[in-house]
Structure formats: structure tokens, C-alpha cells
């Protein structure tokens, strides 16, 4: 069925007493006769009817019915009065239908019967003409959606070209084509709320599918979506949305939740998302759109966005351009109407046929722009073609439209013109209640002027209720541009007064107040502009709108002059702004903010502010080396605190210990020790657990620290079980415990801790651990010999790690890929990649060991020996003893390939201190099998075959217990080869058995390098014959 040719819509209907409520049609009927009811009052009635089994709070009604408009409780009370009037139940009797519960809310009391779906209705939109090529292209793309594809379309063009009309036409004809259409429009105003288009889409989905289905589809991300879009929290009956201010992963969880909702929705039915006015969308909404464009696989989904062309280099247009670059095939520009389309448009509007010279004049006068054409045809007397010869007819451009508007309002009253000027500072949509409160006029007077402007076709009733809107977003822009600067400032000051007089609570309308107070700063004062700006930024952070918060902080911190709050307020705002920048991955922009905050803290002599400023950059530098300046800031803050604020001191010490890990080793150890000592005196479980983990990390993964690390890890795990410990700290304790179990060869313990960590991450939506879990699962797949699964998990952890710590994630991925590529015969390619890592991370000794091994595998013995000798000459770089296991393992493999008995003996002496353990890198991020296998390699190189066989047998025992099938295959090949080399006749049969078993396992797992080594006639002449 063609997408743009037919229309059918089914909707919910409810019956109570003698009334029928048809939500899709927007009708309240009494005995079949329509009962007039304003749109907002209708929406409120629908909410009460649908939630008739519970009390609906005033705040919930405000969030649901007026999600993006600053109105007060009076708007709710007025809507309830309108409902009671419509139901003919004024006075006390009204409480029998819509019950008022003081301080609690409202409840619908009548018995309600759901009467199912309405019959098909025809809402054919007159005036949508032409666009045949566009219709055909959209139809082709929609057919691909029905086949299971995801299609993206971005409509764009100049103002008034028909983008919104096209979206409405798509929505109008989606249902009969077999799809749901959900629309979300960005607010056309200077103080747009974050996530506006997405909250509208989710609200439409909620109305369509119900709260339980939407909540289930959002999954574990429900709580975060409710934080980001509180207007849907109430209808979802999800009231607990309080969270700490800074949450590193919350916005990513929102993105994942929306992606999951789309997947679940498109399994039930094809879905079309319509996003209008993207050029006005907040950056957080655009970031969500980008995530979906990058993340969604092939689904039955069509996303159609629309935006106005422009040349402004603002962040929103930059973000749009980046999204477009991802999918250039989505580009669909809209041009002017053809002459035939203009003729059809004019015929629909005027009721007469236009052709010949008359049509040419109309085309010339309008430029084929539907908006301009519409405005021209609205001018009194212009329905006659002869009027087009009037030299006073404006030209088809912005200036011409402004002249047209002036003609349209010329017959209006002076009060109406004043009201329109005031309304223009709010943007396209505005609330008459706020307008009245800000103008000292009665609501009745405001409504009369609104009615006058509607007759002039300058205003129209908003689609979603009692709010009013300009017929096009260009109109308020033009009206504002015609105001003198002083007059604009005065109107913005009145807007502030109106919002303050009508908002429901201190957290309502903050974005609007920040904008208007900044524009009116010359009248209302800089202090008010600063305070509202910071409040709006904090509110945006609480809603996970980090881009919006960053913009508020930037604009507010740029305010300079007399009357601002004190330096302490500015320093605190700078720190919070820096934290937001880090959340956005813009650490370079955060550092100057923290530096300025530090300087202000020094001027004030405030050690707490100094500590917070010093702590800020470490949130972005986790696992990386601190430079001297950053380390100095932490030390300065610790010294300034002295014995005061011990909890903050512990946090600073932990930061100095963990982020400075590759720096001053002694400082790392002393800082972690002091942090743990203070944390024990404070007795706070979460702080104590974090200090124990920091101490465990500071001790390093070396044999000398094994007992202490185990003791600290076990104690941390015990404290982590306490309810008051933050989930992210509890998860880190589980991660460390899993690593220790891995290191000791305890597969059951490792699996148990990893499963518990995964369960914790899911239940608390801790995407912080998604990367480490993917890394550990990838490592597990690799040592089990499931290389394709391992490669897929490596790709996943690279993608996830790019958000948290790209340097660390790329190195961990390279460590895991090293074994896979060497095992599958790609040593030459690996050597080139690892060489670049050696240059990039010279302080990370495992890369040089890995390079030596890759070169040896590639046959470049001398180059391999050169790198191996560097490590031995540096005493294995004892500055990083936590890497000693993997370095020694790589050297043992290298000297087994290039034959270095003297060097192998040195390596063997070091390996002896690690006997009985496994080679693990970091907190369980890479695994290279049992240490005893590498001891066996060294013993074989020096010619002690008896000792080598004993080591190989012990290594096999550990690797079998770990179910490390890839290492078992290598160990059996090592054992078989050494038995052959010992040349004892009694060993011959066993040697062949071990080699045959190793060969079969290697072939099954795709370990081509091991297969080639076993088939080498110098080491296994009888193997192929024996197998045959």
C-alpha cells in the first residue's frame, strides 16, 4: 500500500456516564454530539481517564501536559475547571467526577469502559501538492523498510519550502502503509529544553503502546531516560529519578535504552520517526541521533529529519553536518514549487484556476516558496491576479515576508501588535498565562488579542494544547529583529517576571529564565543572569543533557561586570563546568577551567575548592600518567587541606596513587598507604573499599606483592558487600577479585566473579563496566580457542573503550589480538603494529617483549634478539614489575624460537619466582597461560629436557583446569617435541600421542602457526603417517 496515498488511523475510545472520549480524534462527545474543550484541557482529561485507578499529582500533570512550557499550578486548576464545565458538573458536583485531593492531586472517579478502536477517519490534508519525485523516492525507501532495512532521510531547504508539511503528510499516511509514525519537533525558541524531540516521540509511543510496554522496551535504561526526560517519568509511574550530579555513563545508558526501545518496537511493526526543525535541536538530541545512526543494525525503521538550510557555524549545524557525513545517501534537498505545483497550491487556497500570464506573475511574486505563496494569498484582495501587478507587493525573500507581515497586521489593534512583539521573545510557542503575568494584563485581554492575531493568520492554536504559536518560526524572528535593543531587553525582563509568577516550583523554567535574564541583564542585573545560568546548567546535568549544560556554563561564565556573585561561586561553577567537559570527552577544554578555579581558590585561601579543582583533571586521566603540573596540583591541595576534610584528602591521595601509577613509584605507594590509613579511621565502607583497591593497584602485579594484594582484594570484596557501598566501587572490587582468581588458576572463582560483575552492571546499569566485561569475555574466548568469538569481542571492547579510555582500550585489544594473530599465522602484520606501540608507549615494557616474539615468529632472528637484549640489559625494567610475568613469557617464547641458551637461563631464574601462577596483565585484561609452560621452554632451550618435561606437565595441569584449550594444545605440542628431543625410546609413543592430539586440536581451533610447527619434519616425522 503506497505510503503517501492513503490514510487510516485507529484510536482508543473510552465511555463514562453519557460521554465518549475519542483520543485519536481529539473529541469529547455527549450522546454523539461534540462537546467543545480546549486542547490542553482535553489532554489533561485523557491522562486522568487513562490513569483512573490512581491519584495523578499536579507536578505530573504539569510535566505531561505542559512539558516544555513554563506554567504554574493555575494552568492545571483552570484546565480542571474547563473539564468540569464541559461535563456540566460545576461546583461541588464536579468533585464527584474529577476529585480534588489537597496537596496530592486529582483522580477521575467515574466508572470507565474501554470501547476499543474508532472506525477509520479521513483527515486528508488539503493543499499538499506536487513533490512527485520526492513521493516516489520516499515510497522506494519505505518499501526497503518493510523488507527489514533501516532508512535515513534528511529533508532540508530554505525557510518555508515545505519541510514540515512533508513530515505531516508522511505521518498522515503511515498507518495504512503498515507502519507507526511518531513525531518529535524541536522547540523554535531561544531556550529550547533538552531532548525535546525525543521526549515527544517517547510520549507518543507511551500513548500508543501503554506504560508497561514502553518501560519493558527501555529495559535497564528506564531510570536514566526518566532522568533525561522527566515529562515521561510520571506517566511511567517512575518517580525516583534522583542521582548524583556527575555520572560518567548515564547519558550513554540513555542512548542504549532508546536504541533498545527502537529494536523492540520495530520487531512488532515498522516504525517511522519524524524529527522536525533539527536546525533548532539541542546538541544532546543531536548526539542521540548520531548514536542511533551509528549504532542501529538493519531494522524495520525509517528516520526522517528536517532542517532549515543556513550558513551559521554554530555547534548544532556542525553536529548536523557530521551526522550527514555518516550517511550522504540520506540527503534530500527540497526546492521551490514548479509552476504547475504553484497553480495547484493557489487553486486549493483561492478556489479558482490560475494559468497563463496570471500564473507567471504568481510564480514570480512567490518564488515558488510555499510559505511566501501562502502569505501572499492571505493578503486581502490579492486573490485577484490583477493585484500581482501592484508595485507594493513584496519580493520573495525574508525582507519581502517581513513587509507582507506588516501588511497583514496593519489592520490590527495597537494592543495586538504590542502583544505579538512581547510573544516573539519567547520563540514560536508561548503560553498566554505567562504572557498575561508578564504584561500586567488580564488573561481575558490577552486571549482577545490572540483571537485577533489568529484572525490575521499570524498565530494559531498549538497542536498540543492551550499554548499558542506563530504560524511559522520565521515570524517571531522577524518581529524580534524589528525591535530596538532597549525594547528587546525590556520585553525579556517582562518574560522573566511572567515565568517567575507562574512556574510550579524552583526547578521549573530554568533554561528560559537563564536566557531571558541574560538578555535583560542591563535591567534585571548581572547577578540574576549568573544565578539562573548556573541553575539551568545544573538542571541540565541532572537531566543528563551534558551538551546543554556545557553551553549554559560557557555562556554564564562569560558574563563579566559589577554585581556578580563572589569568587567562590565562580570557582565552583568552573569546577562543575570542567566536570561536564570531561563527561563529554573534551578534557583539553576542561583543564583551563580547573586551572582558573585553582587560581581563584588560592586567592580565596579555600583548601576545599583547591582540592576539588585539583581532583577534576584526574577524572579524565584515569590509568594515564600525570604530568608534573597535575601531580603538583594534587600535592598542593593535599598539603593545603592538612588534617581538615579527611574524606576529600583520601580522594586526592587515591587520585595521586592511581593516576600517577607510571610516574613516581614511591609517591604512588606512600599515597595509597596514607589513603588507606585515613579511610580506616573514617570507617566509611565505600571510601575504605576504594582505598583498598587503590592500594592493591599501587602494589603492582608482581610476585613480591602477591600475598598483600590477595589480602587487600579479599578485604575490599568484604566491604563491597555492604549496602552503602556505591555500586561502581563494588564492581571494581569484583573485577579485581576475578583477576586474582585468574592469576591463581582458579577458573571457577574467575567465572563466578565475572558473572557477578555482569549481573551487577546490568541491574545498576553500570555501562562503566561494559568495556572491562567485554575485554574479559574476549580474553576467555581466546584462551578457550574460540578465536572468531574473541575477535568479535575485541571489536566490541574497542568500541566501548573509545568512550572511557581510548589509550588503554587500544592497548588491551592489541594484547589480545597479539595471541590471536600469532596463533593464526599473521606474525608479519603483527610486528608492524606492535612496533608502532613500542614507539608510542616506550614505558610499557610488554610491547618490546611482544615485538621481539613477533619478529622471531616472522624469522627476523637478529632483530628479535636485539629487542630481547634491551629488556634483559635493563633488568626487565624493574620500574614496572607488574609487567614482569608477561615480559618474561614473551622472552621465553622468543629465545625458544631463536635459540638463546644463556639468555633463557636468565629468564628462567626470574620465572622461578612466579611458579604455580598464570600470566595475567592488569586487572584481568589479558591471559597468557601457566607460568610453568614458559619455565619449560627455558629449560628446553638450555638442554635440560627432564626439567622441561616436568614444567610442561605442571603447566598442562593448570591450563586444563582453566579450560584454556589453546594453551593446552601448545603445551601438548611442547611436551611432545621435548619428549622427542630427549630421545628416550620409551618416550616415542607418548611423544607421538601428544603431538597428534596437539595437531588435531590446533586444526580444529584454526591455530595455523602451531599446525605448521608440528608438521615440521625436523620435529615430527611420523605424525602424518601415524595419523593416516
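The values are calculated or read from the model by the stated rules, or taken from the named source; none is laboratory data. Bear in mind that the values here come from a model prediction, so they are computed numbers and not experimental data. Because the Cβ atoms are built from the backbone with ideal geometry, glycine has one as well, and the counts that use them run over all protein chains shown.
Just to check your reading of the model, which residue among 816, 811, 797 is closer than 30 Å to residue 838 by Cα and in contact (Cβ under 8 Å) with a residue 60 or more places away in the chain?
Working: 811 fails: in contact (Cβ under 8 Å) with a residue 60 or more places away in the chain; 797 fails: in contact (Cβ under 8 Å) with a residue 60 or more places away in the chain.
After applying the criteria, what remains is 816.
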Which number in (1) crowded, with 24+ Cβ neighbours inside 10 Å; (2) outside any loop (DSSP other than H, G, I, E, B) marks the one condition that residue 539 misses?
(1)
Out of the residues in region 866-885 that are buried (at least 19 other Cβ atoms within 10 Å of the Cβ) and modelled with pLDDT of 85 or more, which is farthest from residue 932 (Cα to Cα)?
867
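When the residues of region 364-389 are filtered to those that are modelled with pLDDT under 50 and not in a helix (DSSP H, G or I), which remaining residue is surrounded by the most Cβ atoms within 10 Å (Cβ to Cβ)? Let's see the steps before the verdict.
Of all residues in region 364-389, those modelled with pLDDT under 50 come to 380-389.
After this cut, where a residue has to be not in a helix (DSSP H, G or I) as well, the list is 380-384.
Values: 380: 9, 381: 8, 382: 20, 383: 15, 384: 10.
By that ranking, first place goes to 382.
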Are any of the residues in region 301-317 under 25 Å from residue 272 (Cα atoms) and in a helix (DSSP H, G or I)?
yes
Out of region 431-457, which residues are closer than 28 Å to residue 349 by Cα and not in a helix (DSSP H, G or I)?
456, 457
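Of these, 969, 948, 912, which one is within 18 Å of residue 820 (Cα to Cα) and in a helix (DSSP H, G or I)?
Numbers: 948 fails: within 18 Å of residue 820 (Cα to Cα); 912 fails: within 18 Å of residue 820 (Cα to Cα).
Only one candidate passes the filter, namely 969.
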Residue 293 versus (1) in contact (Cβ under 8 Å) with a residue 60 or more places away in the chain; (2) closer than 18 Å to residue 153 by Cβ; (3) surrounded by 22 or more Cβ atoms within 10 Å (Cβ to Cβ): which is the lone unmet condition?
(3)
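Please find, within region 489-531, the residue that is surrounded by the most Cβ atoms within 10 Å (Cβ to Cβ) out of those that are outside any helix (DSSP H, G or I) and free of Cβ contacts under 8 Å to residues at least 60 places away in the same chain.
Step one: filter region 489-531 for residues outside any helix (DSSP H, G or I), giving 503-509, 520, 525.
When the remaining residues are screened for being free of Cβ contacts under 8 Å to residues at least 60 places away in the same chain, the result is 506-507, 520, 525.
Numbers: 506: 9, 507: 13, 520: 23, 525: 16.
Across region 489-531, the extreme among qualifying residues is 520.
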Go through region 604-621 and report how many residues are within 31 Å of the chain's Cα centre (by Cα) and part of a loop (DSSP other than H, G, I, E, B).
2
Across region 565-579, the tally of residues that are at pLDDT 90 or above and within 26 Å of the chain's Cα centre (by Cα) stands at 7
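When you check residue 61 against the structure, is it touching a residue at least 12 places away in the same chain (Cβ under 8 Å), in a helix (DSSP H, G or I), more than 21 Å from residue 88 (Cβ to Cβ) and touching a helix residue (DSSP H, G or I) at 6+ places or on another chain (Cβ under 6 Å), yes or no?
Yes; evaluated as a whole, the condition is true for this residue.
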When only residues in region 561-583 that are part of a loop (DSSP other than H, G, I, E, B) and in contact with a helix residue (DSSP H, G or I) (Cβ under 8 Å, 6 or more places away or on another chain) count, which is surrounded by the fewest Cβ atoms within 10 Å (Cβ to Cβ)?
562
Output the helices (runs of 4 or more DSSP H) that fall wholly within region 739-848 and possess 1 or more residues being under 20 Å from residue 917 (Cα atoms) and at pLDDT 80 or above, or say none.
747-763, 770-783, 806-823
Filter pass, residue 214 being modelled with pLDDT of 85 or more, in a helix (DSSP H, G or I) and outside the structural domain of residue 552 (by TED's automatic domain parsing):
yes
Can you spot a residue in region 11-19 that is part of a loop (DSSP other than H, G, I, E, B), modelled with pLDDT under 80 and either under 34 Å from the mean Cα position of the chain (by Cα) or in the same structural domain as residue 168 (by TED's automatic domain parsing) (or both)?
yes
Scanning region 584-603 for residues that are under 24 Å from the mean Cα position of the chain (by Cα) and surrounded by fewer than 24 Cβ atoms within 10 Å (Cβ to Cβ) gives 584, 585, 586, 587, 588, 589, 591
Consider residue 719 against the criteria (1) under 21 Å from residue 925 (Cβ atoms); (2) within 32 Å of the chain's Cα centre (by Cα): it satisfies all of them except one. Which criterion is unmet?
(1)
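Just to be sure before I move on: is residue 914 surrounded by fewer than 24 Cβ atoms within 10 Å (Cβ to Cβ) and in contact with a helix residue (DSSP H, G or I) (Cβ under 6 Å, 6 or more places away or on another chain) in the structure I sent?
Working: surrounded by fewer than 24 Cβ atoms within 10 Å (Cβ to Cβ): yes; in contact with a helix residue (DSSP H, G or I) (Cβ under 6 Å, 6 or more places away or on another chain): yes.
Answer is yes for this residue.
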